[in-house]
Structure formats: C-alpha cells, structure tokens
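Enquirer: Sending over a structure as structure tokens; questions will come in a sec.
All of the numbers you see were taken from the coordinates with simple rules; none came from a lab. Note that the structure is a prediction, hence the values are computed from the model and not measured. Note that we place each Cβ from the backbone using ideal geometry, even for glycine, and neighbour counts take in every protein chain shown.
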Amino acid sequence: MTNSNNDEKKKSREFTWKEAIIMCLWGPLLLIQLIQTFFINNFLGLTPIFIVGLIIWGLSIYFGFVPFFTFKKRGGVAKGKSYVETTKLVDTGIYAIVRHSQFLAGILWSLAMILVTQHWLNLICGIPVMILIYYEMIRAENDLIKKFGDEYKEYMKKVPRANFLWGIFKYLRRKK
C-alpha cells in the first residue's frame with residue numbers, strides 16, 4: 001500500500017455496529033412515515049396544522065438539497081468526487097445559518113409528515129426518527145472536529161448545530 005492509500009485509510013472512519021443499528025431503526029421508520037403520508041393526510045381535519053406541515057416540508061427540501069450545490073462549489077471537492085468529500089470547511093451560505101443542514105432536513109421532513117398526516121402512527125414513527133437523526137448529527141459533528149480541528153470548533157461557536165431560526169438571528173447580528 002502506498003503512503004497516500006495509508007493516509008486515505010486513516011481519514012476514513014470505521015462504520016460501527018451502533019451506527020448500523022441506528023440506520024436500521026430510523027430508515028424503516030422514515031419509510032413508514034413516507035408511505036403513510038401518501039395514503040393519509042389531514043386525518044384530524046386540522047387545516048392550519050396541515051398548512052404548517054407543508055411549509056415545514058418545503059423547508060426540509062430546501063435544507064436537504066442546497067448542500068449538494070454548496071459543497072461542490074465551496075467545499076474544495078475534487079472533480080468526479082461526491083459532494084460530501086470536502087477538503088475545506090464551508091461556513092457560508094446555508095452553512096452560515098446551520099452546521100448540519102441535511103440532518104436538519106431529515107428532522108424537518110419527519111416533523112412535516114407528522115403534521116401533514118395528523119395520524120398517531122406517523123407520530124409514533126416520527127419521534128424516534130427525529131431523535132435518532134439528531135444522534136447521528138452529533139456523531140457526524142465529532143467526525144468533523146477530527147477532520148477540521150480548531151477551525152471547526154471556532155465555527156461551532158458561531159453557528160448553531162440545527163436551530164435555523166437562532167442561526168438566522170446570529171447571522172444577522174454578525175452582519176451588523
């Protein structure tokens with residue numbers, strides 16, 4: 001093995017059995033929510049809650065897809081590599097508001113499905129999904145600290161993990 005292959009091996013992290021279990025839990029639960037959303041919506045007939053759910057769903061789509069473009073453009077991703085293979089810390093655009101846009105998107109997506117369907121099964125599936133995604137967000141954060149070091153720790157002081165409303169407030173205060 002060459003030195004560059006050894007370096008790559010050191011950078012890659014082992015996938016643990018805990019992560020496999022978590023993925024096996026939240027993946028199917030999210031799928032159940034998604035399937036149910038196609039068959040049941042506005043179960044309780046609470047239109048304002050349904051509308052809030054649709055707005056949150058739209059936000060989740062935004063937070064979920066913007067990183068594809070942001071990382072490719074600003075993350076120092078090599079041509080032909082996945083958008084997540086960044087070499088630079090991205091702290092502009094959406095990442096000036098929240099540190100974990102796509103995890104936030106998963107949480108918002110699950111919450112939106114609860115509000116859109118207004119059904120107990122989506123609530124029972126959705127709460128563990130949101131908790132497990134948040135746990136994964138924290139685990140990913142530890143990986144990013146290892147990858148970017150003190151630069152990431154400074155970034156953590158400025159930008160919230162997932163609270164985009166607080167993130168917008170802090171961003172506007174930094175701009176003043």
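Enquirer: Where the centre of each part is set by its Cα atoms, how far does the range 13-52 sit from the range 60-105, in angstrom?
Expert: Taking the Cα centre of the range 60-105 as reference, the centre of the range 13-52 is 23 Å away.
Enquirer: Now a separate question. Let me have the relative contact order for the chain, percent, based on Cα pairs under 8 Å that are six or more residues apart.
Expert: 28
Enquirer: Continuing with this model, one more query. On average, how much area does the Cα convex hull of the range 91-176 cover when viewed from any direction, in nm²?
Expert: Details: hull surface 24.0 nm².
With the hull built on Cα positions only, its mean projection is 6.0 nm².
Enquirer: I would also like to ask the following. Of all GluC sites (Glu not before Pro) in the range 77-176, which ones are in loop regions per DSSP and have a Cβ with at most 14 other Cβ atoms within 10 Å?
Expert: Working: sites: GLU85, GLU136, GLU141, GLU151, GLU154; in loops: GLU85.
Within the range 77-176, the qualifying GluC sites (Glu not before Pro) (loop, at most 14 other Cβ atoms within 10 Å) are GLU85.
Enquirer: What residues have an amide H closer than 5 Å to that of ASN42, excluding those fewer than 5 places away on the same chain, when H is modeled at 1.01 Å from N in the peptide plane?
Expert: Sorted by chain and number, the residues that satisfy this are THR117, GLN118.
Enquirer: Taking only Cα atoms, what is the 0 to 90° angle, nearest 10, from helix 17-39's long axis to the longest principal axis of the chain?
Expert: It works out to around 40 degrees.
Enquirer: Another one. Return the label of the correct value of mean projected area of the Cα convex hull in nm², as calculated from the structure shown, out of [x] 10.7; [y] 12.3; [z] 9.4.
Expert: Of the listed options [x] 10.7; [y] 12.3; [z] 9.4, [y] comes from this structure.
Enquirer: Need one number: nm distance between label points at ILE51 and LYS81, each 7 Å from Cα along Cα→Cβ, rounded to one decimal.
Expert: For ILE51 paired with LYS81, the spin-label model returns 4.6 nm.
Enquirer: How large is the dipole of the range 29-176 about the Cα centre if only Lys and Arg carry +1 and Asp and Glu carry -1, each at its Cβ, rounded to the nearest 20 debye?
Expert: I would put it at about 780 debye.
Enquirer: Another question about this same structure. Expressed as an acute angle from 0 to 90° and rounded to the nearest 10, what is the orientation of the C-alpha long axis of helix 120-148 relative to the principal long axis of the chain?
Expert: Tilt of helix 120-148: around 10 degrees.
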